[in-house]
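A.B. asks: Following this message is one structure expressed as structure tokens.
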Amino acid sequence: MGIAPMLFETLSETFERLETTSSRIQMTAILTELFKKADPEDIDKVVYLLQGELWPQWKGEPEIGVGEKLLIKALSLALATPESEVEKLYKRLGDLGRAAEQLKASKKTPTGGLIAFMGGQTRKLSVSEVYNSLARVARLVGEGSRDLKIKILVSLLQDASPKEAKYIVRLVEGNLRLGVGDATIMDALAQAFGGSDAARPIVERAYNLRADLGNIAKILAKEGIEALKKISPEVGIPIRPMLAERLDNAREILEKVGGRGVAEYKYDGERAQIHKKGDTIQIFSRRLENITHQYPDVVEMARKHIKAREAIVEGEIVAIDPETGEMRPFQELMHRKRKHDVSDIAKKYPVVVKLFDALYVDGEDLTDKPFTVRREILEKIVEQGPSFSIASYMVVEDPEDLDRFFLKAIEDGCEGVVVKAIHQKAVYQAGARGWLWIKYKRDYKSEMIDSVDLVVVGAFYGRGRRAGLFGTVLLAAYDPEKDVFKTVCKVGTGFTDQDLAEMNKMLQPLIIKHRHPRVVSDIEPDVWIVPQLVMEVIGAELTLSPLHTCCKDAARQGAGISIRFPRFIRWRMDKKPEDATTEKELLEMYIRQMKKIEETEAPAP
Ligand code: ATP
């Protein structure tokens, strides 16, 4: 017996319940209930809509792309209300979704010819109807598309109940903000279809190999947990990247990898996961965006140099000086972010690719194979050339050799090295930061061991010259266990006037009235910000602070860990909030810092 298609009413009610809870346990329970009710054929749509999207970003498909003006017009037509009235209410409430809800509720019988009545009642919208309409709106381009977009939206809004109208508007605006993270969705999927707690790691592994929660949900709902266990990577769906731990001492690094490892140059470029199927090449970034169009030259190289029919390989795209062929810093790649004239830009700012892993080749999942096997296969399937080659490396077991190789890497324009374990258990840990890869970077020699990447969760208005503008932001680290962001410090220095103007622009659309459910803070900023933007900061040192919630009670009872004299370095637009420095990493940095201080202050024996 099949399950009836889910009504959009059910999803809207769930959205509302999610909005009023900040407890992750409760959110999981609500989602579990929802997933159990979903038709397995449509569950992917339910998952995407919960994430406020229509498809994973890496698909490179358009976003809904309807501006506020158009949406107001659609609302005015659907409600037979002048645009000025819609705008007035919107201004008063500061929320177009709520304005739509109120206007809709105030109209007893909507006018307009597109409504089908069923027994005197407006017909009910299904989730897939809403999804398909929004997808059509997103994909419409070219002449006449504006009118058609309006028409589709009008029809949807006419059929919607007040509550549904609110959420349709928010979805169109890209402004759903339920605060449901991937981790919570995975918890709920495991509970709804997995049968026991043992299902959670299976769901997570599947997601790590195929970064598409909708796809995972559908396989799970249709075929069950056993099918999910057998999942392997698929060309065209990005694998979540393996990440490195960090240390600043060659001896310790070698101990961690079991005495012997491979040290590879840590290139200062952009990470690229290259997917090849026949002649079709796709490139995904570290945060799994589809960046294929930025690198037509890399597409050509991959076609020519990868000899396997199907492959997923990983490497770093590095800018080079067209005159000398020397490596240039990461910032040079920013030229590639342009949408137009990409081929000209590619000639003007050439790149090379330095490969470091093979994850899937001709039907075989390599992620559970040891590093040495993966490397052997990589060398076999890649015909190396000057612009497409394997990362420089050296097998090391002596800390002095490692230090020498590290200095050579820096001399050659790299950030340092990544040391990789080569024992039998050194698998590719998709989606995880672990000790099988350890980065050893130059800037560890600075006072504060390294810069950190923190998420903006609140903002404060400035004074004097900066009055009326946000001058300081509240920053937080990520706690992956609880899937929340915990505050670390406030940052108000290091910004140029231009940085500040840009930051104010970036923050405006992310302002919310209440603390975001995924933020843990004892400080009340002037405004709360949806955790989305990642900022790199550095300071003089890590300190204990009773004001902040990150690492609360971990180093000392009643205190969290904070940063003294933090200053802004740059935005990390390539990182998602979940890629920010974690609470655990900060604690480890603090412990290492204290150890260093103890060593230098200890009296001579
Ligand atoms: P960072 O801010 O130090 O770049 P991150 O958090 O962005 O770190 P990490 O995984 O911690 O990412 O550092 C490893 C990054 O270094 C990879 O994402 C990759 O882009 C880059 N890299 C350069 N060379 C290599 C290499 N040989 N092996 C693995 N990663 C490499």
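The values are calculated or read from the model by the stated rules, or taken from the named source; none is laboratory data. Note that this is a predicted model, so its numbers are computed, not measured. Virtual Cβ from ideal backbone geometry, glycine too; neighbours counted across all protein chains shown.
A.B. asks: So, Phe406, is that one hydrophobic (A, V, I, L, M, F, W, C), assigned by TED's automatic domain parsing to the domain that holds Gly258, surrounded by 18 or more Cβ atoms within 10 Å (Cβ to Cβ) and over 30 Å from Ile563 (Cα atoms) or not? Even if it seems obvious, please write down each step before you answer.
C.D. replies: Working: hydrophobic (A, V, I, L, M, F, W, C): yes; assigned by TED's automatic domain parsing to the domain that holds Gly258: yes; surrounded by 18 or more Cβ atoms within 10 Å (Cβ to Cβ): yes; over 30 Å from Ile563 (Cα atoms): no.
No.
A.B. asks: Of all residues in segment 136-147 being of a type in the set (A, V, I, L, M, F, W, C) and part of a loop (DSSP other than H, G, I, E, B), which is modelled with the lowest pLDDT?
C.D. replies: Taking segment 136-147 first, the residues of a type in the set (A, V, I, L, M, F, W, C) are 137-138, 140-141.
Still in the list and also part of a loop (DSSP other than H, G, I, E, B): 140-141.
On the way: Leu140: 93, Val141: 89.
Among those that are of a type in the set (A, V, I, L, M, F, W, C) and part of a loop (DSSP other than H, G, I, E, B), it is Val141.
A.B. asks: Now for a different question. Going by the structure shown, is Val235 outside the structural domain of Asn215 (by TED's automatic domain parsing) and either free of Cβ contacts under 8 Å to residues at least 24 places away in the same chain or closer than 27 Å to Lys59 by Cα (or both)? Can you show your working first?
C.D. replies: Working: outside the structural domain of Asn215 (by TED's automatic domain parsing): yes; either free of Cβ contacts under 8 Å to residues at least 24 places away in the same chain or closer than 27 Å to Lys59 by Cα (or both): yes.
Answer is yes for this residue.
A.B. asks: Any chance segment 176-187 includes a residue that's out of contact with any helix residue (DSSP H, G or I) (no Cβ under 7 Å at 6 or more places or on another chain), within 16 Å of the ligand (Cβ to nearest atom) and assigned to a helix (DSSP H, G or I)? Don't jump to the end; show me each part of the working.
C.D. replies: The initial filter retains those residues of segment 176-187 that are out of contact with any helix residue (DSSP H, G or I) (no Cβ under 7 Å at 6 or more places or on another chain), namely 177, 179, 181, 183.
With within 16 Å of the ligand (Cβ to nearest atom) added as a condition, the list becomes none.
Checked segment 176-187: no residue is out of contact with any helix residue (DSSP H, G or I) (no Cβ under 7 Å at 6 or more places or on another chain), within 16 Å of the ligand (Cβ to nearest atom) and assigned to a helix (DSSP H, G or I).
A.B. asks: Quick one: which residue in Pro386, Pro329, Pro296, Pro322 is touching a Pro at 6+ places or on another chain (Cβ under 6 Å), surrounded by fewer than 18 Cβ atoms within 10 Å (Cβ to Cβ) and more than 28 Å from Ser232 (Cβ to Cβ)? Write out each step before concluding.
C.D. replies: Numbers: Pro386 fails: touching a Pro at 6+ places or on another chain (Cβ under 6 Å); Pro329 fails: touching a Pro at 6+ places or on another chain (Cβ under 6 Å); Pro296 fails: touching a Pro at 6+ places or on another chain (Cβ under 6 Å).
Exactly one residue qualifies, and that residue is Pro322.
A.B. asks: Please name all residue pairs, on different chains or six or more residues apart, with Cβ atoms under 6 Å, provided the first residue is in segment 132-154 and is free of Cβ contacts under 8 Å to residues at least 40 places away in the same chain and the second residue is in a loop (DSSP other than H, G, I, E, B).
C.D. replies: Leu148/Leu140
A.B. asks: Any residue in segment 434-456 that is in contact with a Ser or Thr (Cβ under 6 Å, 6 or more places away or on another chain), touching a residue at least 12 places away in the same chain (Cβ under 8 Å), closer than 30 Å to Ser232 by Cβ and within 12 Å of the ligand (Cβ to nearest atom)? Spell out the reasoning first.
C.D. replies: Looking only at segment 434-456, we keep the residues that are in contact with a Ser or Thr (Cβ under 6 Å, 6 or more places away or on another chain), and these are 452-453.
Subset that is touching a residue at least 12 places away in the same chain (Cβ under 8 Å): 452-453.
From what is left, the residues that are closer than 30 Å to Ser232 by Cβ are none.
Within segment 434-456 (the criterion being in contact with a Ser or Thr (Cβ under 6 Å, 6 or more places away or on another chain), touching a residue at least 12 places away in the same chain (Cβ under 8 Å), closer than 30 Å to Ser232 by Cβ and within 12 Å of the ligand (Cβ to nearest atom)), the answer is no, since none of the residues qualifies.
A.B. asks: Within segment 216-244, which residues are among the hydrophobic types (A, V, I, L, M, F, W, C) and away from the ligand (no atom under 16 Å from the Cβ)? Quick ask: steps written out before the conclusion?
C.D. replies: Within segment 216-244, the first condition is being among the hydrophobic types (A, V, I, L, M, F, W, C), and the residues that meet it are 216-217, 219-221, 225, 227-228, 231, 235, 237, 239, 242-244.
Matches in segment 216-244: Ile216, Ala217, Ile219, Leu220, Ala221, Ile225, Ala227, Leu228, Ile231, Val235, Ile237.
A.B. asks: Look through Ser133, Ser126 and report the one residue that is over 25 Å from Gly67 (Cβ atoms), modelled with pLDDT of 95 or more, touching a Leu at 6+ places or on another chain (Cβ under 9 Å) and assigned by TED's automatic domain parsing to the domain that holds Ala80.
C.D. replies: Values: Ser133 fails: over 25 Å from Gly67 (Cβ atoms).
Selected residue: Ser126, the only one of Ser133, Ser126 that is over 25 Å from Gly67 (Cβ atoms), modelled with pLDDT of 95 or more, touching a Leu at 6+ places or on another chain (Cβ under 9 Å) and assigned by TED's automatic domain parsing to the domain that holds Ala80.
A.B. asks: Can you tell me which residues in segment 253-267 are surrounded by fewer than 21 Cβ atoms within 10 Å (Cβ to Cβ) and either touching a strand residue (DSSP E or B) at 6+ places or on another chain (Cβ under 9 Å) or not assigned by TED's automatic domain parsing to the domain that holds His423 (or both)? Quick ask: steps written out before the conclusion?
C.D. replies: Of segment 253-267, the ones surrounded by fewer than 21 Cβ atoms within 10 Å (Cβ to Cβ) are 255-256, 258-260.
Once the filter is applied, which keeps residues that are surrounded by fewer than 21 Cβ atoms within 10 Å (Cβ to Cβ) and either touching a strand residue (DSSP E or B) at 6+ places or on another chain (Cβ under 9 Å) or not assigned by TED's automatic domain parsing to the domain that holds His423 (or both), segment 253-267 yields Lys256, Gly258, Arg260.
A.B. asks: Checking the conditions here, which among Thr496, Thr487, Thr543 is modelled with pLDDT of 90 or more and among the polar types (S, T, N, Q)?
C.D. replies: On the way: Thr496 fails: modelled with pLDDT of 90 or more; Thr543 fails: modelled with pLDDT of 90 or more.
Selected residue: Thr487, the only one of Thr496, Thr487, Thr543 that is modelled with pLDDT of 90 or more and among the polar types (S, T, N, Q).
A.B. asks: Within segment 56-72, how many residues turn out to be surrounded by 19 or more Cβ atoms within 10 Å (Cβ to Cβ) and at pLDDT 90 or above?
C.D. replies: 4
A.B. asks: Which strands (runs of 3 or more DSSP E) sit wholly inside segment 256-304 and have at least 2 residues that are at pLDDT 95 or above and near the ligand (Cβ under 10 Å from one of its atoms)?
C.D. replies: Fully inside segment 256-304 and qualifying: 261-266, 270-277.
A.B. asks: A further question on this structure: Name every residue in segment 82-102 that is crowded, with 19+ Cβ neighbours inside 10 Å and either touching a Ser or Thr at 6+ places or on another chain (Cβ under 6 Å) or part of a loop (DSSP other than H, G, I, E, B) (or both), in order of residue number.
C.D. replies: Val86
A.B. asks: Still on this model: Return a yes/no flag: does segment 437-446 have any residue that is surrounded by 23 or more Cβ atoms within 10 Å (Cβ to Cβ), more than 17 Å from Met589 (Cβ to Cβ) and touching a helix residue (DSSP H, G or I) at 6+ places or on another chain (Cβ under 6 Å).
C.D. replies: Checking segment 437-446: not a single residue is surrounded by 23 or more Cβ atoms within 10 Å (Cβ to Cβ), more than 17 Å from Met589 (Cβ to Cβ) and touching a helix residue (DSSP H, G or I) at 6+ places or on another chain (Cβ under 6 Å).
A.B. asks: Which members of segment 537-577 meet the condition of being crowded, with 19+ Cβ neighbours inside 10 Å and either acidic (Asp, Glu) or not in a loop (DSSP other than H, G, I, E, B) (or both)?
C.D. replies: Answer for segment 537-577, where residues must be crowded, with 19+ Cβ neighbours inside 10 Å and either acidic (Asp, Glu) or not in a loop (DSSP other than H, G, I, E, B) (or both): Val537, Ile538, Leu542, Ser545, Gly560, Ile561, Ser562, Ile563, Phe568, Pro577.
A.B. asks: State whether one or more residues within segment 58-70 are among the aromatic types (Phe, Trp, Tyr) and within 17 Å of Tyr131 (Cβ to Cβ).
C.D. replies: no
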